[in-house]
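Input: a single structure, listed below in structure tokens.
None of the figures in this text is laboratory data; all of them are computed from the coordinates on show. Since the model is a prediction, treat every value here as computed from it, not as a measurement. Cβ placement follows ideal geometry from the backbone for every residue including glycine, while neighbour counts extend to all protein chains displayed.
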Amino acid sequence: MKCKRTNSAPGLFVTSYSGYKNKAMCTVPANDHLRHHIVVENLQLYDADVTCQGFIRARPPSLSFLSTVAGDTSMNWTGIVSLHQDTSKEFQHVEIHACGAGRENIIAEVTVVWPDPHEQTTLSISIEVNP
């Protein structure tokens, strides 16, 4: 499914999808409450600091984000959390709205820092959503 993808690295598993609740949906018009979901799983035995970002890079865009979080825009959003060892976090505070025609790629970028033993990794995932 083009609107749901996963990526992994040692100690990290990430899923990105457009959807409603836990169901992936690839088209916006029929789904007014479509959200950008990113699930980050910290598989290490260490706590982690996680920075998660969503981007729409097309100009002009065919989709836009809607968020009530300060600093988020119609083209990008950021979430930050500390995860304990062997836990997960789902970022889903951003709605996706149609504002044009044509398929759109939404990019998720997740950076995880494990302060002890000072390791870092970044993963990117691109999903395709239809307005």
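Here are the numbers for this structure:
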| item | result |
| --- | --- |
| Selection of chymotrypsin sites (Phe, Trp or Tyr not before Pro), the stretch 41-128, meeting DSSP coil and at most 13 other Cβ within 10 Å | none |
| Cα radius of gyration and Dmax for the stretch 4-129 (Å) | 14.6, 46 |
| Residue-span extension gain [Thr51 to Glu90] - 0.36 nm each, minus C-alpha spacing | 12.8 nm |
| Local net charge near Gly100, Cβ-Cβ under 14 Å (Lys/Arg +1, Asp/Glu -1) | +2 |
| Filtered trypsin sites (Lys or Arg not before Pro), the stretch 1-36: DSSP coil and at most 10 other beta carbons within 10 Å | Lys21 |
| Residue (of Ile107, Gln53, Val129) at the positive-pole extreme of the chain, dipole from beta-carbon charges | Val129 |
| Where no second cysteine Cβ lies under 4.7 Å, the cysteines concerned in the chain | Cys52, Cys99 |
| Full-extension gain in nm, Val113 to Met1, via 0.36 nm per residue minus C-alpha separation | 37.4 nm |
| Ranked list, fewest to most other Cβ atoms within 10 Å of each Cβ, for Cys99, Cys3 | Cys99, Cys3 |
| For His84, His93, order by how many other beta-carbon atoms lie within 10 Å, fewest first | His84, His93 |
| Charge dipole (debye, nearest 20) of the stretch 4-129; +1 at Cβ of Lys and Arg, -1 at Cβ of Asp and Glu | 580 debye |
